[in-house]
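The next block holds one structure in the form of structure tokens; read it before the comments.
Only the coordinates and a few stated rules stand behind these numbers; no lab work does. All values reported here derive from a predicted model rather than from experimental measurement. So basically every Cβ, Gly included, is an ideal-geometry build from the backbone, and we count neighbours across all protein chains shown.
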Amino acid sequence: MDKTARIYVAGHRGLVGSAIVKNLENAGYTHLIKRTHAELDLTDLQATDAFFAEHKPEYVFLAAAKVGGIVANNTYPAEFIRDNLAIQNSVIHSAWKHGVTRLLFLGSSCIYPKLAPQPMKEEHLLTGPLEPTNRPYALAKIAGIEMCWSYNRQYDTQYLAAMPTNLYGPGDNYHPENSHVIPALLRKFHEAKQNNQPTVTVWGTGTPKREFLYSDDMADACVFLLNLPEEKFNSLLGSKENGTDVFDPPLVNIGVGADISIQELASLVKQVVGYQGKIEFDSSKPDGSMRKLMDVSKLNSLGWTYSVVLEDGLKKAYLEFIKEEI
């Protein structure tokens with residue numbers, strides 16, 4: 001990407017979008033296009049089309065999405081499938097219609113089957129049933145991958161899907177009910193420390209394992225991918241499949257390649273926050289998938305690996321959370 005290229009970051013206020021903007025600005029990109037939800041409703045195809053027609057972005061990072069944890073996914077399944085389908089339909093179609101050079105569509109590791117082999121490879125997509133608690137969201141993201149693939153096959157577009165593992169970092173959602181596991185734990189332990197609570201209750205048994213990637217690392221991987229030389233980038237855009245019967249979606253996993261149990265994570269968060277009480281686990285609450293480790297060998301072979309280790313990332317995230325609280 002040329003430093004003066006017109007780059008649209010959809011969802012620039014979110015966890016990933018804000019990190020991508022910061023990465024691009026630090027790298028010297030001068031023509032970033034950003035719109036808040038109030039300024040542009042991406043579920044509105046006509047409005048999105050008009051925006052693309054006016055601004056003619058050359059590169060698109062599609063980080064806009066409706067996201068949330070187990071509670072939010074269980075409470076608002078209709079919104080999770082409806083809004084995410086509408087956003088990606090509008091953006092991907094408008095990108096094709098107005099000649100976007102490259103697009104990166106961001107999804108989630110929940111696209112893989114609940115009982116996928118570990119670590120999960122890109123080829124495991126659509127090989128088994130999904131985790132029921134986030135199936136509407138996962139199906140929307142799978143449809144987004146298929147949409148990128150379909151446009152690539154039919155129109156020779158250059159649309160790639162990147163599937164990150166669990167993300168955390170500055171700009172995260174710390175809502176008490178709608179947040180993911182790390183921000184939820186940081187908030188819980190912080191409030192317990194402030195209120196001198198003797199115990200903190202963590203959902204589930206503590207045995208599931210999760211992989212976590214710092215948002216700045218995620219952004220770095222995204223910018224790295226859109227900057228790949230033509231030959232390498234084109235090799236990621238999926239098989240034609242027609243006649244070859246080769247299932248090779250335009251999909252790249254982004255992660256660290258290692259995981260940690262929720263029990264170990266809770267202990268680490270407790271330590272980072274400086275909470276002195278005890279941790280209890282509520283086994284009546286759902287665990288979700290027992291393990292969701294990403295195979296990141298494809299990304300590593302292209303020359304990218306993560307740089308922020310979990311403990312350091314948690315410290316940075318907690319400092320950011322305290323600032324927001326003040």
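Side notes on the structure shown:
- Altogether, the Stokes-Einstein calculation at 20 °C and 1.002 mPa s, with the Kirkwood radius of the stretch 174-326 over Cα pairs as Rh, returns a diffusion coefficient of 121 µm²/s.
- Violating pairs (Cα-Cα greater than 28 angstrom) within the set K22/K323; K121/K323; K3/K34: K121/K323
- Packing-based ranking, highest mean first, of 313-321, 106-114 given that Cβ atoms within 10 Å are counted: 106-114, 313-321
- Hydrodynamic estimate: the Kirkwood radius of the chain over Cα pairs, inserted into Stokes-Einstein at 10 °C and 1.306 mPa s, corresponds to D of 78 µm²/s.
- With N counted as the residues of the stretch 106-211, its alpha-carbon radius of gyration over 2.2 N^0.38 Å works out to 1.36.
- Kirkwood analysis of the Cα pair distances in the stretch 262-326 returns a hydrodynamic radius of 14.9 Å.
- Length gained when the stretch N227-A50 is fully extended (0.36 nm per residue, less Cα-Cα span): 61.0 nm
- Placed amide H near L106: partners under 5 Å, 5+ positions off or other chain: L62, A162
- One quarter of the convex hull surface built on the alpha carbon atoms of the stretch 87-166 amounts to 5.4 nm², the projected area averaged over directions.
- Gyration tensor verdict on the stretch 1-91 (Cα atoms; rounded if a/c is under 1.5, prolate if a/b is larger than b/c, oblate otherwise): oblate
- Counting only alpha carbon atoms, the long axis of helix 215-226 and the longest principal axis of the chain meet at about 20°.
- Taking the longest Cα principal axis of the chain as reference, the axis of helix 181-194 is set at about 30 degrees.
- Loop-located GluC sites (Glu not before Pro) in the stretch 28-91 (DSSP state not H, G, I, E or B) with no more than 12 neighbouring Cβ atoms inside 10 Å: E39.
- Between F247 and T199, the FRET efficiency from the beta-carbon distance, with R0 = 30 Å, is close to 0.05.
- Residue by residue, the stretch 3-19 carries 3J(HN,Hα) couplings of 4, 9, 4, 7, 10, 9, 9, 7, x, 6, 9, x, 4, 7, x, 5, 5 Hz when phi is fed to the Karplus relation 6.51 cos²θ - 1.76 cosθ + 1.60 (θ = phi - 60°); x denotes Gly or Pro.
- Sequentially through the stretch 45-62, phi angles give Karplus couplings (6.51, -1.76, 1.60; θ = phi - 60°) of 4, 5, 5, 5, 4, 5, 5, 5, 4, 6, 9, 6, x, 8, 10, 10, 9, 8 Hz, Gly and Pro residues having no value and appearing as x.
- 0 to 90° range, to nearest 10: angle between helix 135-155 axis and the chain longest Cα axis: 20 degrees
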